[in-house]
Number of protein chains: 2
Amino acid sequence: MTDLVIRNTTIVTCDGQNTVLTDGGVAVENGRITRIAPSSELESAASNAREVVDGTGHILMPGLVNAHCHAGDSLFRGLVEDLPLEPWLQVVWKAQGATLNRETTRLGSMLGLSELLLSGVTTTMDMFWYPDETVHAARTLGARISTGGIFFDPPGVTGDDLKGRIAAAERFFEEFGDAEDVFPAVLPHGAYTVSPDNLKTAKQIADRHGALFCTHAAETRAEQADISSRYGRTVIRHLDHLGLLDERTVLAHCVHLDDEEIDILARSGASAVHNPMSNLKLASGFARVPEMLTAGIPLALGTDGAISGNDLDMWMALRLAATMHKGYTGRADAVSTAQALAMATTAGAKSLDAEERIGSLEPGKFADMILIDIKRPHAVPMFDPVTHLVYSTAKSDVRHVFVGGRQVVRNGALTQHDIAETIAQVEQLQPKIAASIA
Amino acid sequence: MTDLVIRNTTIVTCDGQNTVLTDGGVAVENGRITRIAPSSELESAASNAREVVDGTGHILMPGLVNAHCHAGDSLFRGLVEDLPLEPWLQVVWKAQGATLNRETTRLGSMLGLSELLLSGVTTTMDMFWYPDETVHAARTLGARISTGGIFFDPPGVTGDDLKGRIAAAERFFEEFGDAEDVFPAVLPHGAYTVSPDNLKTAKQIADRHGALFCTHAAETRAEQADISSRYGRTVIRHLDHLGLLDERTVLAHCVHLDDEEIDILARSGASAVHNPMSNLKLASGFARVPEMLTAGIPLALGTDGAISGNDLDMWMALRLAATMHKGYTGRADAVSTAQALAMATTAGAKSLDAEERIGSLEPGKFADMILIDIKRPHAVPMFDPVTHLVYSTAKSDVRHVFVGGRQVVRNGALTQHDIAETIAQVEQLQPKIAASIA
C-alpha cells in the first residue's frame, strides 16, 4: 500500500541527470520513494494511497543537507559581534561554559534544528557538546542528524579528559550506531585544539565503526600560521600526514588552501564544507570554491552556527555559494546554478557517506522532500526551476517538509513540536547568557 | 486628533543618536510622526486615537529606502543568467524591446513594488521606461517612489529621440513635481549610453526643477575601460569634468573607484548606491564600501533590478553590505551594523534629498514605519536590536507596513491590491517573454 503521493508539481530531482519534471509526482512507501513519474501515471497509486498531497504551484525537491552546523549555538545568536574568529571564540567559549548543560544544550538544539527544519533542511551535520541531546532534539522534531562524540583537548563544557571523550564517543555508537535517522560521526574540533595523537585516536574510533570523521580545517589565516609553526606543515598537509583524510572525512571551511592542498584533498576523497556567511562575517575569507569544484573535491554547503551567521539559512548559503565567487573571481560563470544546488543536496549527502539514502529524489531513497511555494511576488515569473531555487527562493517559501515520508512541517509550521514553547524557554534563559560575558 | 498610535514595541529610530527605545510608541497625525515616547507616556494619545496598534513582540523601525531599482525588470527575473554585465545587457534589452509597453511596464512595476512593499521598503528610487506608470503602480500600492524621465541615446523601448526624452522628462515634472509621494528625478542611463551633451542636458533639467540626477556609474571594469578610451577620463572624472556631481546626484554602483575618485565623490557631495547582490552575481566586483564610508560619501543601498538580483530583497542587501566587505578586506569590523543600517535608511533618505522627510522615526517626518516580528525561531534570542536587524532579520519577518500613517501591509499581505491578480497576469505574459529571446 502506498503511504503518500505528492503530485501535480514541478519536481527538481537533483539526480545524476538533473532531471526536472514539469508536472510530476512521487509515491512513498515505508518512508522511501517508490516511484517518480508524470502526475498522469500516478493516478492509480494516488487512488490507493493513505495520503495524497496536491503540489500545484510548488516545486518538490529533496530536503536540503546542512553539512556544517552547531545548532545549540543558536542560544548565543548575536551575543558577540564583529571580531575575527580567534578572539571571538574566546568570548563564545566563555558564554558556552557558563550556560551549557544537558538541558540548555537540548534547548539550543531544539531552537537551531527547528529553524533548519522549517526552512527545508532535513539532514544536518552538527558538532556540539552532549551530541545525544542533539539527537533527541532532532528526533522530537522529526529531522535527520549526523553527529557524535567531540574531541577537544581543553576541558571545555563537559570537563572530560581524553578517557572521557573516548568513552562518550563510544557510547554514542552504542546508542545510535544502527539508527536510520542518525549518521554517526566522531568530531574532533580542529587541529589547533586537538593534538595529533588525539586526532588519530578519534579517527581510529570512527574507522572502527565505519563512521564519519569531521573537523574544522583551514578556516583562517591565523589557524594556518598557528599549525604551520607548531607542526611545520599547513593544516591539510598536517591532517594528511597524520593519515586522517579519506572518503569518510569531512572538513569544515577549507578557506585557505594552496594548489597542492587542493590536490591532496582531491586525491584523498575527503569532503569539504563551504560556509559562506560565516566566512564573510568573521572575515575568514573566500574559499576557493571554483577551484575545489574543478578539482573534483566533494564540496558540501553549511550554515555554521548562528553565533557566526547569525542564523541557519541554507537558502542564503546557497545564494552566496552561487554568487560571491562570481564577484570575487570576476567570472560570471564561476559557479553554476547546478553546481550550487548540488552542494546543498547531493554533495551534502555524499559528504555524509549517505548518497544512497538522501540528497536526491530517486526510487529507493528516503522520502526526505520539501515543497516550495513558487507563486510569490518575489518569485514569479519562473523560467527555469533550478535557477529559481538558487537565486530567487527564500526560506519562507518552504511550506511543507517530509522526512521519511512523514510530514514534519505543514504550511510553514512544525507538526511535531510547539515552537512557542522553545522560544519562551530561550527568552527565559537570555538574561543569564547576557550576564555570562558581562 | 491622533490618527494612529503604535506602542509596546522596541523602536529602532535610526535618528542621529541611533536612539533605541525598549518599550516605546509612536503617535501619528496627518501622515506625520508627532511624538515618539515610552509607551507609558502615550496612554492619553492612545485613548484618543482613531487606531491603536499593539507592537508587542516586534521592532518598529523606519521603512527601508531602496536607492537603486528597476522594478519593471521583475518581469524578466531569471531569464538571462551567468553572463557579465555587457553581454547580459544585450539580451536583457532584446527581451525588454519585445515585451515592454505602457501596460506591461505597469505590470512589471506592480510586481516589483509589491515585493518591495511586502518586505518593508516604503521608498524606492526606480529607473525604468514609462516612469509615470511606475508612479501609478506605487500609488496603487501606497508606496513612495523616486523616478522620472530617462535619457538613453539609442531608441530603446520607447523609440524617443533627444527631443522626446526632454519632453518626457519635463512632462514628469508637470505631472508629479509637487506630489508628496514622489521624489522627482532625471535619470540618464549611464555614461556609456548617453553622450556628454545629453548628460548635461539631463542635469540642466534636473537642476531647473531642484530635482535629483541619477545614473549608473563605474559598475564594471569594462565600463571604466570604455569611458576612459572614449573620453580620456575614468567614469567619475568624466562626470565631474562635465559638472554633473553635486548633492542631488545619485550614482548607482560605484564599484571601481581609485583613491582620487573617492576624493572627488566625497568633495562633490554626490551619493553612491551600493548594490551588493547585483555586483556579486554579475561578477562586477566589490565596491570599496569601507573606504567610501570613511571618506564621508553618503552611501545608500539598493537591490538593483530582479533581472540581476534575482529578487528585490533589501534585507539580503543589508546583510551583504555588513558582511561581504569583512570577508573581502579580512577585517571583522570593516562595516559596522550601525553603518549598514544607515545605508538602508538615513543614507537612502539623504541620497533622495529627503532626509527631512523619511529615513528615520522622528517627529515631523512622514510616518513610514514597519513592524518586524522578532519572535521567530531564526531570530531569538535578541541581544541587540540593531545587530538583530542587520544579521538575523529576513524579509518574511516584516508583518506590517505603514506609509504616511496608512497601513499598506497587514499581517504580511498588501491592503491596497490583490497580488494574486498581478501574479496571474505575469504568468500569462511569461511565454511571450521567453519567446522574445528564443
Exercise. Nearest 0.05, what FRET efficiency do B:Gln416 and B:Glu260 give at R0 = 45 Å with Cβ-Cβ as r?
Worked result: 0.40
Exercise. Using alpha-carbon pairs under 8 Å, 6+ residues apart, how would you state the relative contact order of the stretch A:64-351 in percent?
Worked result: 20 percent
Exercise. Taking the radius of gyration and the Kirkwood hydrodynamic radius from Cα positions alone, what is the Rg/Rh ratio for the stretch A:137-200, to two decimal places?
Worked result: 1.02
Problem set entry | P(r), alpha carbons of the stretch B:239-349 - 5 Å bins starting at zero, rounded % | 2, 13, 24, 25, 20, 11, 4, 0
For this session: Return the average number of partner chain Cβ atoms within 10 angstrom of each residue Cβ along peptide A:317-324.
Result: 5
Exercise. Suppose R0 equals 22 Å; then what is the FRET efficiency for A:Glu43 and A:Glu362 from their Cβ-Cβ distance, rounded to the nearest 0.05?
Worked result: 0.55
Exercise. For the stretch B:88-209, what is the charge dipole size about the Cα centre, in debye to the nearest 20, if Lys and Arg each add +1 at the Cβ and Asp and Glu each add -1 at the Cβ?
Worked result: 240 debye
Exercise. Within a Cβ distance under 14 Å of A:Asp304, other residues only, what is the Lys/Arg minus Asp/Glu net charge?
Worked result: -4
For this session: For A:Glu356, place a label point 7 Å out from Cα along the Cα→Cβ vector, do the same in each other copy, and report the separations in nm, one decimal, smallest first.
Result: 7.4
For this session: Every other copy gets compared here: list the nm distances from the B:Ala435 label point (7 Å along Cα to Cβ) to its counterparts, shortest first, one decimal.
Result: 7.0
For this session: Please go through the residue pairs A:Lys395/B:Lys395; B:Lys200/B:Lys350; A:Lys94/A:Lys432; A:Lys326/A:Lys350 and name each one whose alpha carbons sit more than 18 Å apart in this structure.
Result: B:Lys200/B:Lys350; A:Lys326/A:Lys350
Seminar exercise, completed: Output field shielding_mean for A:328-335 (other chain Cβ, 10 Å radius) holds 5
For this session: Quick one: compute a quarter of the convex hull surface over the Cα atoms of the stretch A:63-141 and quote it in nm².
Result: 5.2 nm²
Exercise. What is the Rg over Rh value, at two decimals, for the stretch B:327-438, using alpha-carbon atoms and the Kirkwood definition of Rh?
Worked result: 1.08
Exercise. For the protein assembly as shown, what is one quarter of the convex hull surface built on the Cα atoms, given in nm²?
Worked result: 34.5 nm²
Exercise. How do B:Trp93, B:Trp88, B:Trp129 line up, fewest other C-beta atoms within 10 Å first?
Worked result: B:Trp93, B:Trp88, B:Trp129
Exercise. Along Cα→Cβ at 7 Å, what distances in nm separate the B:Glu174 label point from those on the other copies, shortest first?
Worked result: 8.8
Exercise. Order of B:Cys14, B:Cys214 from fewest to most other C-beta atoms within 10 Å?
Worked result: B:Cys14, B:Cys214
Exercise. Once the mean 1/r over all distinct Cα pairs of the stretch B:1-138 is inverted, what Kirkwood radius in angstroms do you read off?
Worked result: 17.7 Å
Exercise. By how many nm would the segment from A:Asp23 to A:Arg50 grow when fully extended, if each residue of separation counts as 0.36 nm and the alpha-carbon distance is taken off?
Worked result: 7.6 nm
Problem set entry | Axis-nearest residue of A (beta carbon) for the A-onto-B rotation, whole Å | A:Ser396, 2
For this session: Quote the FRET efficiency, to the nearest 0.05, computed for B:Ser436 versus A:Leu162 with a Förster distance R0 of 51 Å and r equal to the Cβ-Cβ distance.
Result: 0.15
Seminar exercise, completed: Expressed in angstrom, Rg and Dmax over the Cα atoms of chain B are 20.9, 67
Problem set entry | Value of relative contact order over the stretch B:98-206, rounded to a whole percent, pairs C-alpha under 8 Å and six or more apart | 25 percent
For this session: Provide B:Glu356, B:Glu115 in ascending order of the number of other Cβ atoms located within 10 Å of each residue's Cβ, fewest first.
Result: B:Glu356, B:Glu115
For this session: Jot down the radius of gyration and Dmax of the stretch B:56-109, Cα atoms only, both in angstrom.
Result: 15.9, 50
For this session: With only Lys, Arg, Asp and Glu charged, each at its Cβ (+1 for the first two, -1 for the last two), find how big the charge dipole of chain A is about the Cα centre; round to the nearest 20 debye.
Result: 360 debye
Problem set entry | Computed magnitude of the charge dipole of the protein assembly as shown (debye, nearest 20; Cβ of K, R +1, Cβ of D, E -1) | 120 debye
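Every number here is computed from the coordinates shown, using simple stated rules; none is lab data. Keep in mind the model is a prediction, meaning the values are calculated, not measured. We place every Cβ from the backbone using ideal geometry, glycine too, and count neighbours over all the protein chains shown.
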